[in-house]
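The values are calculated or read from the model by the stated rules, or taken from the named source; none is laboratory data. None of the values given here were measured: they were computed from a predicted structure. Virtual Cβ from ideal backbone geometry, glycine too; neighbours counted across all protein chains shown.
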Amino acid sequence: MVNKRRNYEKKMVILVPSIELNSVIWIDENNELQIKPTWDCVIIINAKNMSVTVRDAEDVVGLP
């Protein structure tokens, strides 16, 4: 598999020895990286504003 770098790619830096996460990851219409873990929240990462937001999954359109 070839990893082609694109302008919309996001990077995540993990500052702990390990992380275990079962989730769905996508980039939304605002070009923000969203992570939907197995619990009922969505983690939104905005690289431009250098912010991380945790929202209730029911507040995010299109998710159960």
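Among the residues in region 8-24, are any surrounded by 11 or more Cβ atoms within 10 Å (Cβ to Cβ), outside any loop (DSSP other than H, G, I, E, B) and either modelled with pLDDT under 80 or not β-branched (Val, Ile, Thr) (or both)?
Among the residues of region 8-24, at least one is surrounded by 11 or more Cβ atoms within 10 Å (Cβ to Cβ), outside any loop (DSSP other than H, G, I, E, B) and either modelled with pLDDT under 80 or not β-branched (Val, Ile, Thr) (or both), which makes the answer yes.
Could you check region 25-60 and list, in sequence order, the residues that are surrounded by 10 or more Cβ atoms within 10 Å (Cβ to Cβ), charged (D, E, K, R) and modelled with pLDDT under 80?
The answer is Asp40, Arg55, Asp56, Glu58.
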